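Colleague: Following this message is one structure expressed as structure tokens.
The values are calculated or read from the model by the stated rules, or taken from the named source; none is laboratory data. Keep in mind it's a predicted model, so treat the numbers as computed, not measured. FYI the Cβ positions are ideal-geometry reconstructions off the backbone, even for glycines, and counts take in every protein chain you see. Heavy atoms of the whole protein, side chains included, go into the accessibility calculation; ligands, DNA and RNA do not. Shrake-Rupley method; radii C 1.70, N 1.55, O 1.52, S 1.80 Å.
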Amino acid sequence: MANKLIAQMGLHHSMANVLAARNVLTAKDALSLTEFELMELLDVGLQEVESAVSQISEIACPPCQTALFLLEGRLQNKAQLGHLPTSLKGLDNALFGGIPFGAVTELVGPAGMGKTQFCLKLSILAALPISHGGLNGRVVYIDTEGKFSSKRVMEIGANSFPEVFCVAGKAQEMAGRIVVLQPASLVEFTESLQQIKLSLLQHQVKLLIIDSMAALHPVEYEKDKRTMGQHPLGWHVSFLKSLAEFSQIPIVVTNQVRGLGNDEVVRYLFEAKTRDKKTPERLGSNLTAALGIHWAHAVTIRLVLEAYAGQRFLKVAKSPISPPLAFPFEVTSAGLALLKDDGIEVMGPEIHAIRCEGYTDLVGGQSFT
Amino acid sequence: MEITTLPLSPSVRAKLLSAGYTSFASLSAVSSSHLARDLSISDEEAVAILKVTSQYNTLDRIDGSHSILAGAQTAWDKLHEEKNLRHITTSCEDLDAILGGGINCREITEIGGVPGIGKTQLGIQLAVNVQIPNDFGGLGGKAIYIDTEGSFMVERAFQIAEACIQDTFDNFVFHKNDYEACQEKMQPKAFLANIFYFRICSHTEQVAVINYLDKFITEHKDVKVVIIDSITFHFRQEFDDLALRTRLLGGMALKLMKLAQKYWLAVVLLNQVTTKVTEGSFHLSLALGESWAHACTNRIILYWNGNERYAHIDKSPSLRSASSPFSVTSKGIRCLVSNCKRIKMM
């Protein structure tokens with residue numbers, strides 16, 4: 001909409017010509033200037049500018065829908081606008097069916113907690129035929145950390161869906177649907193993202209996974225430029241969001257954790273005034289999600305993988321429909337498995353805490369190698 | 001009045017000045033043909049100039065019998081007007097109490113907070129609550145929801161609308177006939193039909209939609225609240241030119257203020273947070289910088305206080321700075337009741 005040509009908007013001839021002569025060609029060009037700047041640039045009166053701007057605005061503005069219309073649309077196209085079931089019953093219930101289409105879902109957790117395992121499982125699920133609860137589509141897997149393991153994919157597949165993966169030729173078909181890209185730099189990654197846009201629709205892609213977003217993002221950059229307002233991944237954030245919506249597929253990205261410096265007591269100024277200066281409890285964790293708060297705002301759903309009290313937990317930390325719930329889980333040969341389908345309600349700062357305690361015990365207990 | 005204050009194009013203005021027309025008085029006596037000859041322009045153009053001039057001239061003179069300056073109001077009149085102002089309840093009595101009854105109409109209220117604190121929830125709640133009919137102490141208006149992030153969940157809106165209708169009925173005692181008549185009107189689906197939803201995908205569209213709102217609202221007079229969720233998203237990326245960003249944001253704030261005043265509606269802007277350095281230490285603050293901080297009438301910050309969600313009035317010309325707890329339940333925004341665990345939604 002922003003790049004609509006003014007020449008095609010049916011403006012009054014003289015006005016359209018003046019705009020074209022001054023190289024104001026698209027709605028974006030015109031609306032990036034204030035009315036007074038336009039008056040100066042085009043040498044016309046305020047009234048003409050105002051009427052032209054309002055006409056351009058009306059055409060460039062996306063259509064209005066009522067919420068009822070949206071609801072009915074969703075009910076009708078349930079198959080299209082649905083969810084990717086995660087095969088974790090408790091999580092699917094909390095999210096009303098699974099990872100939603102058309103939104104960006106983030107997985108964040110310490111290394112080795114199971115993020116990649118979860119992503120591999122999701123790719124299999126999206127590739128499975130619909131009769132087995134899958135989406136019967138292709139998967140684009142952007143692996144920036146070099147962690148993708150085809151062997152593990154086959155293992156998870158064989159253990160969780162033996163009826164599909166043990167049939168001759170089927171395993172090859174399933175694995176053939178998962179397309180793996182391994183960009184080496186941020187520039188390469190950006191290029192492949194731009195190329196993906198078209199192929200998503202052409203090739204029946206039903207899931208896009210980026211594992212991980214943080215690997216390409218230099219950590220020092222975040223520390224230095226944090227105050228600058230502009231984010232180095234800013235373009236990627238909005239591109240991924242529009243990509244998800246445009247193609248109506250789920251996009252899953254993983255994110256790393258980083259240590260929290262001692263001086264980083266994040267609170268508002270007014271809070272410092274009203275409370276004495278005791279350090280807030282950290283819940284024994286010194287970790288926070290990488291990529292900063294700007295990124296955290298941009299994702300629609302954030303799932304945290306963490307470990308404490310000798311158990312791993314999968315936590316819904318941010319979601320517009322689910323309350324914050326934590327599910328204990330383990331990593332098995334068939335991928336992630338919830339120990340309980342009833343989530344534990346999480347409160348307050350615990351929601352965003354990322355804990356990594358008693359983790360060494362867990363490594364020994366892993367049932368796969 | 002000087003000619004330079006007229007909304008004329010720069011070249012016309014220059015012609016007028018060079019021909020010696022510097023004040024309104026010099027233009028008031030001149031005929032259009034005379035002017036056309038003086039400036040060597042066409043008759044029509046001269047007529048247009050005189051028309052603009054006379055418009056501004058009369059604007060200058062129309063002043064109320066009691067006011068000294070055109071368009072001005074006395075503080076006494078304003079007080080009377082403010083008494084008639086309506087509020088949109090937040091469904092949380094504690095929060096309403098510190099806000100003086102709810103979100104004010106005719107004002108811009110900015111609400112910010114960390115991810116997952118409940119900004120979108122509050123936004124949806126307000127879009128629903130504005131529709132509570134007059135008979136039930138509401139505004140009986142409609143809502144415009146401008147979604148820049150794609151986080152509006154229509155299922156959630158349905159849930160909140162259902163709970164809101166239930167609570168409204170529970171709080172009012174009825175005669176049977178009244179009840180039935182109202183029940184027909186108060187259906188969750190009817191509530192959803194009165195939420196006008198715009199999905200914005202770039203900052204240009206955001207500017208466009210705000211320009212278009214004026215026309216849209218003249219066609220839909222009942223709109224009583226405009227919610228933008230969030231004002232920040234598209235302005236945090238795609239911008240290399242920060243001066244342009246400030247100008248666009250400033251222009252948007254002005255237009256929103258005008259809408260709020262003209263149609264007596266509430267404007268609610270949701271904002272994200274960012275980290276900022278003051279005196280060598282990091283702390284949280286709402287995004288978009290210092291100049292934006294001046295644009296809104298009220299600023300409310302949602303934050304975690306221990307295990308509870310709190311709202312803090314950070315800036316307001318009329319309200320005391322205060323904090324109050326609130327909670328997000330399956331029914332929407334509600335008061336914090338101790339030990340009230342959020343019921344799992346299934």
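Colleague: So what is the accessible area of the protein assembly as shown per residue, in Å², with the probe set to 1.4 Å?
Modeller: 44
Colleague: How large, in percent, is the carbon and sulfur part of the accessible surface of chain B at a probe radius of 1.4 Å?
Modeller: Of the solvent-accessible surface of chain B, carbon and sulfur hold 53 percent.
Colleague: Among DSSP bridges having both ends in the protein assembly as shown, what percentage is antiparallel? Round to the nearest 5.
Modeller: Once the DSSP bridges in the protein assembly as shown are tallied, antiparallel ones form about 50 percent.
Colleague: May I pose another question? At 1.4 Å probe size, what's the solvent-accessible area of A:Trp235? Round to the nearest 10 Å².
Modeller: 90
Colleague: Of the options B:Ala253, B:Ser28, B:Thr109, report the single residue whose Cα projects farthest towards the positive end of the charge dipole of chain B (beta-carbon charges: Lys, Arg +1; Asp, Glu -1).
Modeller: The residue sitting farthest along the positive end of the dipole is B:Thr109.
Colleague: Using amide H atoms built 1.01 Å from N in the peptide plane, name the residues 5+ places from A:Gly45, or on other chains, whose amide H lies under 5 Å from its own.
Modeller: B:Ser9
Colleague: Mind listing the phi-derived Karplus ³J(HN,Hα) values for region A:15-32, rounded to whole Hz, using 6.51, -1.76 and 1.60 with θ = phi - 60°, and x for any glycine or proline?
Modeller: Per-residue couplings from phi come out as 5, 4, 5, 4, 4, 5, 5, 8, 6, 9, 9, 10, 4, 4, 4, 6, 7, 7 Hz.
Colleague: Here's another thing I want to ask about it. Looking at this model, which pairs from A:Lys115/A:Lys206; A:Lys89/A:Lys115; A:Lys28/A:Lys241; A:Lys241/B:Lys224; B:Lys51/B:Lys221; A:Lys121/A:Lys147 are more than 23 angstrom apart at the alpha-carbon?
Modeller: Violating the 23 Å Cα-Cα cut-off are A:Lys241/B:Lys224; B:Lys51/B:Lys221.
Colleague: Rounded to the nearest 500 deg cm²/dmol, what is the calculated helix-only ellipticity per residue at 222 nm for chain B, with -39500 (n - 2.57) per DSSP H run of length n ≥ 4?
Modeller: Result for chain B, helices only: -13000 deg cm²/dmol.
Colleague: Taking all protein chains together and a probe of 1.4 Å, list A:Arg22, B:Arg13 from the most accessible to the least accessible.
Modeller: A:Arg22, B:Arg13
Colleague: Could you compute how much accessible area chains A and B hide from each other, both sides summed, with a 1.4 Å probe? Nearest 100 Å² is fine.
Modeller: In total, chains A and B hide about 6800 Å² from solvent.
Colleague: Going by average Cβ neighbours within 10 Å, how do the peptides A:152-165, A:191-204, A:305-318, B:143-156 rank, with the highest at the top?
Modeller: Averaged packing, sorted descending, gives the order B:143-156, A:305-318, A:152-165, A:191-204.
Colleague: How big is the protein assembly as shown along each principal axis, measuring the range of its Cα positions in Å and listing the largest first?
Modeller: 96, 61, 59
Colleague: Take peptide B:322-330, look around each residue's Cβ out to 10 angstrom, count Cβ atoms belonging to other protein chains, and average those counts.
Modeller: Per residue, the average neighbour count from other chains is 1.
Colleague: Threshold 30 Å², probe 1.4 Å: give the residues of region A:55-76, in number order, that are less accessible with all protein chains present than with their chain alone.
Modeller: So the qualifying set is A:Ser57, A:Glu58, A:Cys61, A:Pro62, A:Cys64, A:Gln65, A:Thr66, A:Ala67, A:Leu68, A:Leu70, A:Leu71, A:Arg74.
Colleague: Running a GNM on chain B with Cα contacts under 10 Å, which residue among B:Leu242, B:Leu254, B:Leu288 ends up with the highest mean-square fluctuation?
Modeller: The residue that fluctuates most here is B:Leu242.
Colleague: Let me ask something else about it. Contact order normalised by length for chain B, with contacts defined as Cα pairs under 8 Å and 6 or more residues apart; what percent is it?
Modeller: Relative contact order, chain B: 20 percent.
Colleague: Sticking with this structure for a sec: Take the alpha carbon atoms of region B:276-307, find their center, do the same for region A:131-154, and report the distance between the two centers in whole angstrom.
Modeller: Cα centroid to Cα centroid, the span is 41 Å.
Colleague: Positive end of the charge dipole of the protein assembly as shown (Lys, Arg +1 and Asp, Glu -1 on Cβ, about the Cα centre): tell me which of B:Tyr56, B:Ile144, B:Val12 has its Cα farthest that way.
Modeller: Going by the charge dipole, the pick is B:Ile144.
Colleague: Could you give the dipole magnitude of the protein assembly as shown about its Cα centre, charging the beta-carbon of Lys and Arg +1 and that of Asp and Glu -1, in debye to the nearest 20?
Modeller: 1120
Colleague: Decide, for chain B, between rounded, prolate and oblate: order the square roots of the alpha carbon gyration tensor eigenvalues as a ≥ b ≥ c, take rounded if a/c falls under 1.5, and otherwise choose prolate if a/b is larger than b/c, else oblate.
Modeller: prolate
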